[in-house]
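The values are calculated or read from the model by the stated rules, or taken from the named source; none is laboratory data. Remember, it's a predicted structure, so these values are computed and weren't measured experimentally. In this analysis, Cβ positions are derived from the backbone assuming ideal geometry, glycine residues included, and neighbour counts consider all displayed protein chains. Remember, those area values only see protein heavy atoms, side chains included, never the ligands or the DNA or RNA. Shrake-Rupley method; radii C 1.70, N 1.55, O 1.52, S 1.80 Å.
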Amino acid sequence: MTTIYFVRHAQPDFTWEEDRTRPLTAEGLADSERVYEALANVPLDYAVSSPYVRSMDTIRHCAENHHLEIHTDERFRERESGRGGNVQGMFQKRWADFDFHEEGGESIGMVQKRNMEGLFELLDEHPDEVILFGTHGTALSTILNYFDPEYNCDSFLRIIDFMPYMIRLDFEGRKCVGKEEILIVEKAYVERAPKNRG
């Protein structure tokens, strides 16, 4: 059995315009210690992350504690947000139609396709290992939806204010055979990012 601990990043600095390099706040960095604490005694074999700074930094101390290099994969990046893409109505439109996207943005289907391609490759290459996985809200939600079609917009909105958030999925080959929420740190969005909320 392969076990993956998916970690949605801690609180980022929403005043930082560039999505890829957006750092964690001081509070977010402190909260990332909760990830380290939750997995301190769990034997981990491999660490992988979205290449975005906030995802890598959320799992960094945990990876270092297990003497693991953090590998990155572009397929695990967050959804590309276009003009006006991160308002309530747009969330609902995208989840109602996986092919819908705003100008310049990605659809849920696009995000799911590349995340699942990367995840299946990861599962094929690391059988029977325990993996630490740094991710984002939308990216993670598309993975959870793939294995449970009842995971929907409301499910996504439930975790939007959880930073960090950790869920464990267990796999037999490419089949998900179990899941458990491990860590929830609630951080209300006081100021929303103009571009990306993932």
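Student exercise: in the chain, how many lysine pairs 8 or more apart or on different chains have Cα atoms under 26 Å apart?
Numbers: LYS93/LYS113; LYS93/LYS187; LYS93/LYS195; LYS113/LYS175; LYS113/LYS179; LYS113/LYS195; LYS179/LYS187; LYS187/LYS195.
Close lysine pairs found across the chain: 8.
With a 1.4 Å probe and every protein chain kept in, tell me what percent of the accessible surface of the range 131-180 is carbon plus sulfur.
45 percent
Probe radius 1.4 Å, ligands and nucleic acids left out: which of HIS126, HIS67, HIS136 has the largest accessible area, and how do the rest follow?
Working: HIS126 25, HIS67 165, HIS136 0 Å².
I get HIS67, HIS126, HIS136, largest accessible area first.
Longest exposed-loop-site-free stretch of the chain, with GluC sites (Glu not before Pro), DSSP loop and at most 11 other Cβ within 10 Å? Before the final figure, lay out each step's value.
Values: sites that count: GLU17, GLU18, GLU69, GLU103, GLU150, GLU191.
Value returned for the longest uninterrupted segment is 19-68.
Can you compute the helix-only [θ] at 222 nm over the chain? Use -39500 (n - 2.57) per DSSP H run of at least 4 residues, normalise by all residues, nearest 500 deg cm²/dmol.
Result for the chain: -11500 deg cm²/dmol, rounded to the nearest 500.
How large is the convex hull of the Cα atoms of the chain per residue, expressed in Å³ as a whole number? All intermediate terms of the calculation are to be shown ahead of the outcome.
Numbers: hull volume 20.4 nm³, N = 198.
Per residue, the Cα convex hull of the chain comes to 103 Å³.
As a test, work out the antiparallel percent of DSSP beta bridges whose residues both lie in the chain, rounded to the nearest 5.
Antiparallel: roughly 55 percent of the beta bridges in the chain.
At 1.306 mPa s and 10 °C, plugging the Kirkwood radius over alpha-carbon pairs of the range 101-166 into Stokes-Einstein gives what diffusion coefficient in µm²/s?
My calculation gives 122 µm²/s for D.
Quick one: with all protein chains in place, what share of the accessible area of the range 4-82 is carbon or sulfur, to the nearest percent (1.4 Å probe)?
Answer for the range 4-82 is 48 percent, counting heavy atoms of protein chains only.
Over the range 1-154, with the other protein chains present, what is the accessible area per residue in square angstrom, probe 1.4 angstrom?
Heavy-atom accessible area per residue stands at 44 Å².
Quick one: plug the Kirkwood hydrodynamic radius of the range 1-116 (C-alpha pairs) into Stokes-Einstein at 25 °C, 0.890 mPa s, and report D in µm²/s.
The Stokes-Einstein estimate is 158 µm²/s.
Using every pair of alpha-carbon atoms in the range 79-130, split the distances into 5 Å bins beginning at 0 and state the percent of pairs per bin, rounded to integers.
5, 20, 24, 16, 10, 9, 9, 6, 1
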